[in-house]
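The values are calculated or read from the model by the stated rules, or taken from the named source; none is laboratory data. Note that this is a predicted model, so its numbers are computed, not measured. Glycine gets a Cβ as well: all are built from the backbone with ideal geometry, and neighbour counts include every protein chain shown.
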Amino acid sequence: MKHAEFHLALNQNDTWHMSRLHFHDYYEFLLPLTSPGNIFVNDQVYPLERGTLYLIGENTLHRTMADGAHARYILHISRRSLSELSTSQTDFMQLTRDPFRRSRLDAGQFDRLVELFQALERNKNDGSFGSDIRQTMALVELLLWVAPLLNASSAGESIQSKDFSRVAPILDYIRDNLSEPLTLDQIAGKFFISKHYLCRIFKAATGFSVMEYIIYSRVLRARQLLQEGMSVQQAGELSGFSDNSHFIRTFGHLTGTSPGRYAKEYQSSDQILLRESRP
């Protein structure tokens, strides 16, 4: 039995507003224990509710915002670990098909999932005989239980508030023109609104600034291009960074590593995953 790498946490906060957008190289299972709140994922806003299980994919831009005290279970697991735990009959890689899914649970399902998270938390690998196997068994039991629910679900309907309806075309425009120069003046002019009004409605609808969204989106695009084998300079230019040194600094600040190192490590892990998936 292979030991899968993962991270489980029970986080509790008196107030919770994720300080900034983020993305990561692993899959996130999120189970809120309190509500209400919102989660911004892939240019859409969805309700963040107790009794709903969320799956956020790797390289997926998102941010959670809760009203008041917030408690949630968070499980992070890599694509490689999902592949290693899979068999030809039970393929956990089906969970990686979509960047975001959510499944509403009934009361019994919610209680059972909390029990599974608690069991995984109890069965920590403390180095004692058998603790690694018990931990992997608890993880597999949880994945076996949630996979059918999430495979049968989708993102569902997003929140269509008045503010978000006004901002949705702006989000589309930014996403479709990331490689072009984008400034507040230029975007405001495109939509025949003032720069002040643009900043105000964007912040009200999404919870973050226009330029914050642009920078994170560009770094995420650059990561995807690096994964496809493009050079550092090409990835930066095609993501909208006119200056290569600025791209390298920004990429390092937001991801904790340089573009070159990221590309090398991704390609190395991708080759390992490819070899291990061969019959």
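The set of residues from segment 26-54 being under 24 Å from Leu171 (Cβ atoms) and part of a loop (DSSP other than H, G, I, E, B) comprises Pro36, Asn42, Asp43, Leu48, Glu49.
Any residue that is of a type in the set (Asp, Glu), over 13 Å from Gln44 (Cα atoms), modelled with pLDDT under 95 and surrounded by 14 or more Cβ atoms within 10 Å (Cβ to Cβ) - is there at least one of those in segment 151-170? For segment 151-170, residues of a type in the set (Asp, Glu), over 13 Å from Gln44 (Cα atoms), modelled with pLDDT under 95 and surrounded by 14 or more Cβ atoms within 10 Å (Cβ to Cβ): absent. Which count do you get for residues in segment 84-105 that are of a type outside the set (S, T, N, Q) and touching a Gly at 6+ places or on another chain (Cβ under 8 Å)? Number satisfying all stated conditions: 6. In segment 212-226, of all residues being hydrophobic (A, V, I, L, M, F, W, C) and in contact with a helix residue (DSSP H, G or I) (Cβ under 7 Å, 6 or more places away or on another chain), the one that is farthest from Asp172 (Cα to Cα) corresponds to Leu226.
Residue check: Asp185 meets all listed conditions (1) exposed (fewer than 12 other Cβ atoms within 10 Å of the Cβ); (2) closer than 30 Å to Glu84 by Cα but one, namely (2). If you go through segment 93-111 and pick out every residue that is in contact with a helix residue (DSSP H, G or I) (Cβ under 7 Å, 6 or more places away or on another chain) and over 15 Å from Gly156 (Cα atoms), you end up with 4. The set of residues in segment 202-214 that are part of a helix (DSSP H, G or I) and either crowded, with 18+ Cβ neighbours inside 10 Å or on the phi > 0 side of the Ramachandran plot (or both) comprises Phe202, Ala205, Thr206, Val210, Tyr213, Ile214.
Within segment 91-148, being of a type in the set (Gly, Ala, Ser), crowded, with 17+ Cβ neighbours inside 10 Å and part of a helix (DSSP H, G or I) holds for Ala138, Ala147. Condition check for Asp111 on (1) more than 22 Å from Gly37 (Cβ to Cβ); (2) outside the structural domain of Gly240 (by TED's automatic domain parsing); (3) not hydroxyl-bearing (Ser, Thr, Tyr): one failure, at (1). Can you find a residue that is modelled with pLDDT under 90, within 26 Å of Glu157 (Cα to Cα) and not charged (D, E, K, R) anywhere in segment 24-31? Within segment 24-31, one or more residues are modelled with pLDDT under 90, within 26 Å of Glu157 (Cα to Cα) and not charged (D, E, K, R). Looking only at residues in segment 165-176 that are touching a helix residue (DSSP H, G or I) at 6+ places or on another chain (Cβ under 9 Å) and of a type outside the set (A, V, I, L, M), the one that is nearest to Leu238 (Cα to Cα) is Arg175.
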